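J.: One structure coming up, written as structure tokens, with questions to follow.
The values are calculated or read from the model by the stated rules, or taken from the named source; none is laboratory data. Since the structure is predicted, the reported quantities are computational estimates derived from the model, not experimental observations. Here the Cβ is made from the backbone with ideal geometry for all residues, glycine too, and neighbour counts use every protein chain on show.
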Amino acid sequence: MTGERVLVIKLSALGDFIQATGAMAAIRRTHPDAEITFLTTPPYAAMAAATGWFDVVWSDGRPGWGYLPAVARLIARLRAARFDRVYDLQCQSRTNRYFWLLGPQRPPWSGNARGASMTYRAPERDSLHIQDLFRRQLAVAGIDDVPASDLSWLRGDITGLTPAGPFALLAPGGAAHRPAKRWPAALYGELAARLTARGVTPVVLGHGAEEAALAAVILAAAPGAVSLVGATSLGSIASLAREAVLAVGNDTGPMQVVVAAGCPAVVLFSGESDPAMSAPRPIRPDQPVTILREMDLADLAVEPVWAATEAIRTR
């Protein structure tokens, strides 16, 4: 190592972590011999370590502001590390406060903190797709080659999980506190029945009792479908995605994984989120990724979703 110490910050969430992997890979390529520390939160520590891009992973990146001793410990830890450069890929008020709390001798900082040496605060940043935002931010820091999401490192054991013959992944769930981001399970069931009739086995992803209930609705409409609810890790989802003929799902973290693993996909958006800013993007030119948006997903009929899957399947 050169003795250079670099910090990369990405605290959450799953979809945002996946979207940031291209930027993470670019930072490692730019600093091949540096000791790079990754500051995150506990749910993402193992993923960060698995990438192979970071030498050290800290998971204490989000202490509660109401617990000042923990905040003070984090700032003291950051100050003691004497980082030569910081890449803030979270770019929220929290991490901007970290920048200010590190004064008066703050390290060179890439992000959107006011006064940072490599700040990117252009007005259009709030309307850019997150991957384009990272590209512009890192360009200010002298990094011009930022690839699409990179999940080449994410793999899992899928022994016994893949059905015989072609299969399609379905991701009908999503955050419990945002039910408007879910296409109705009954419509997934109709889609699954059509896939089954075409000789494609629908494989339902998810976790927890609520998503098991969604899978039960789908399997009732398409008895040939398979439920893997509760049986997969993010690594096995990525490996399944590399074998599937296509995937259909809501705007969720697992669909970000599926697309970033290279699977052709149809992703369903509601008015709850803007695909122009957060839709998963293909990782290669020949990977079809179709985004369908209806402000109320209950108004999205099966036909356009089916047409999009057929366009992928018959390519």
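J.: So which residues in region 162-208 are part of a helix (DSSP H, G or I) and touching a residue at least 60 places away in the same chain (Cβ under 8 Å), if there are any at all?
T.: A180, K181, L187, Y188, E190, L191, R194, L195
J.: Something else about it: Looking at region 23-82, which of the residues that are in contact with an Asp or Glu (Cβ under 9 Å, 6 or more places away or on another chain) and of a type in the set (D, E) is nearest to S236 (Cα to Cα)?
T.: Looking at residues that are in contact with an Asp or Glu (Cβ under 9 Å, 6 or more places away or on another chain) and of a type in the set (D, E), I get D55.
J.: Also: Is at least one residue of region 67-78 part of a loop (DSSP other than H, G, I, E, B), over 25 Å from S152 (Cβ atoms) and not β-branched (V, I, T)?
T.: yes
J.: Which of the residues spanning region 156-180 are surrounded by 16 or more Cβ atoms within 10 Å (Cβ to Cβ) and at pLDDT 95 or above?
T.: Answer for region 156-180, where residues must be surrounded by 16 or more Cβ atoms within 10 Å (Cβ to Cβ) and at pLDDT 95 or above: I158, L161, T162, F167, A168, L169, L170, A171, P172, G173.
J.: Quick check on this structure: which one of E190, E210 is outside the structural domain of A13 (by TED's automatic domain parsing) and closer than 17 Å to T309 by Cα?
T.: E190
J.: Could you list all residues from region 112-132 that are surrounded by 16 or more Cβ atoms within 10 Å (Cβ to Cβ) and in contact (Cβ under 8 Å) with a residue 40 or more places away in the chain?
T.: L128, H129, I130, Q131, listed by residue number.
J.: Against the condition in contact (Cβ under 8 Å) with a residue 60 or more places away in the chain, on the phi < 0 side of the Ramachandran plot and crowded, with 24+ Cβ neighbours inside 10 Å, how does V257 come out, does it pass?
T.: Against the criterion (in contact (Cβ under 8 Å) with a residue 60 or more places away in the chain, on the phi < 0 side of the Ramachandran plot and crowded, with 24+ Cβ neighbours inside 10 Å), V257 qualifies.
J.: Could you please find all residues in region 38-62 being in a loop (DSSP other than H, G, I, E, B), over 18 Å from A81 (Cα atoms) and not small (G, A, S)?
T.: First pass over region 38-62, keeping only residues in a loop (DSSP other than H, G, I, E, B): 40-41, 52-55, 59-62.
With over 18 Å from A81 (Cα atoms) added as a condition, the list becomes 41, 52-53.
Scanning region 38-62 gives T41, W53.
J.: Give the residue that is nearest to A279 (Cα to Cα), with candidates limited to residues of region 24-37 that are in contact with a Lys or Arg (Cβ under 8 Å, 6 or more places away or on another chain) and outside any loop (DSSP other than H, G, I, E, B).
T.: Taking the candidates together, the pick is M24.
J.: Examine region 227-247 for a residue that is under 21 Å from R284 (Cα atoms), outside any loop (DSSP other than H, G, I, E, B), of a type in the set (D, E) and not assigned by TED's automatic domain parsing to the domain that holds A50, and state whether such a residue exists.
T.: Yes, there is a match, as at least one residue in region 227-247 is under 21 Å from R284 (Cα atoms), outside any loop (DSSP other than H, G, I, E, B), of a type in the set (D, E) and not assigned by TED's automatic domain parsing to the domain that holds A50.
J.: Sort through D88, D84 and tell me the only one that's among the acidic types (D, E), surrounded by fewer than 21 Cβ atoms within 10 Å (Cβ to Cβ) and in contact with a Gly (Cβ under 9 Å, 6 or more places away or on another chain).
T.: Values: D88 fails: surrounded by fewer than 21 Cβ atoms within 10 Å (Cβ to Cβ).
Exactly one residue qualifies, and that residue is D84.
J.: Being more than 18 Å from A171 (Cα to Cα) and either touching a Lys or Arg at 6+ places or on another chain (Cβ under 6 Å) or part of a loop (DSSP other than H, G, I, E, B) (or both) is the filter here; which residues of region 261-295 pass it?
T.: G271, D274, I283, R284, P285, D286, Q287, M295
J.: Just one of D274, D299 is of a type in the set (D, E) and closer than 30 Å to A23 by Cα; which is it?
T.: Details: D299 fails: closer than 30 Å to A23 by Cα.
One residue alone meets the criteria, D274.
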